[in-house]
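A short worksheet on the structure shown next.
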Amino acid sequence: GIQVEQSPPDLILQEGANSTLRCNFSDSVNNLQWFHQNPWGQLINLFYIPSGTKQNGRLSATTVATERYSLLYISSSQTTDSGVYFCAVGGGSQGNLIFGKGTKLSVKP
Amino acid sequence: ETGVTQTPRHLVMGMTNKKSLKCEQHLGHNAMYWYKQSAKKPLELMFVYNFKEQTENNSVPSRFSPECPNSSHLFLHLHTLQPEDSALYLCASSQELGIGGNTIYFGEGSWLTVV
């Protein structure tokens, strides 16, 4: 099956700093999503981005499908950005979204 | 608010108890999913339902029994669980089965502790 690797596993930032999170995947995909899991457990969709670039406020994401990686950019980080960021990919017709292990982000005031 | 509601949010049960987790989606989606998230492990897909029919059972032990009475509701019946089953159980839905092209939406999760 498809392997998904996220880096770094942990990241500590000072409020206001910028960061880049990376997701590498081992095979062609037709679905890639980024999620933010808050401290209470809820997973919130950030981007659906199997290819190309999207921006939403301080967040943006780029997926280079041919090179099998995706990047999530967080600019001017805030304490509310803390949590775990997951990349998930899907490669077939089945309903099986494969998740990476996540990047745990802590933003300090 | 993602349009997917799970109850209860927290559940503590003994190993001999029988309990159920409930999920309801208000998005008009046709596919629903149960995921399990244990400490220090990636999210694991447990079950997939499409138009009320189970399409995937990811080798889940029989002490977990799903039920999908209609496209909007999904249950996970729990009986004779083990302490290692303690985890966050997440329900999700998407417009169609076949993840390509579909955004998946998650509920807030049910934190389960087995004592």
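The values are calculated or read from the model by the stated rules, or taken from the named source; none is laboratory data. Note that the coordinates shown come from a computational prediction; the quantities given were computed from them, not determined experimentally. When we count neighbours, we look across all protein chains shown, and the Cβ atoms used for this are built from the backbone with ideal geometry, even at glycine.
A quick yes/no check of all residues on (1) crowded, with 17+ Cβ neighbours inside 10 Å; (2) β-branched (Val, Ile, Thr); (3) over 21 Å from residue A:30 (Cα atoms):
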position	(1), (2), (3)
B:10	no, no, yes
B:26	no, no, yes
B:40	no, no, yes
B:54	no, no, yes
B:69	no, no, yes
B:77	no, no, yes
B:105	yes, no, no
B:112	yes, no, yes
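Look at residue B:90 and say whether it is within 24 Å of residue A:102 (Cα to Cα) and touching a residue at least 60 places away in the same chain (Cβ under 8 Å). Step through it out loud before you land on a result.
Numbers: within 24 Å of residue A:102 (Cα to Cα): yes; touching a residue at least 60 places away in the same chain (Cβ under 8 Å): yes.
When the stated conditions are applied, residue B:90 passes them.
For (1) within 14 Å of another protein chain (Cβ to nearest Cβ); (2) of a type in the set (Asp, Glu); (3) touching a Lys or Arg at 6+ places or on another chain (Cβ under 9 Å); (4) farther than 19 Å from residue A:8 by Cβ, each residue gets a yes or a no:
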residue	(1), (2), (3), (4)
A:28	yes, no, yes, yes
A:34	yes, no, no, no
A:43	yes, no, no, yes
A:56	yes, no, no, yes
A:59	no, no, no, no
A:72	no, no, yes, no
A:87	yes, no, yes, no
A:97	yes, no, no, yes
A:103	yes, no, yes, no
**Q.** Cβ-Cβ under 8 Å pairs, at least 6 apart or on other chains, the stretch A:26-49 side farther than 16 Å from residue A:66 by Cα, far side of a type in the set (Phe, Trp, Tyr) and at pLDDT below 90
**A.** none
Q: Identify, from the list A:57, A:90, A:83, the residue that is touching a residue at least 24 places away in the same chain (Cβ under 8 Å) and closer than 18 Å to residue A:107 by Cβ.
A: A:83
Q. In the stretch A:32-81, which residues are in contact with a Gly (Cβ under 7 Å, 6 or more places away or on another chain) and exposed (fewer than 13 other Cβ atoms within 10 Å of the Cβ)?
A. A:39, A:76
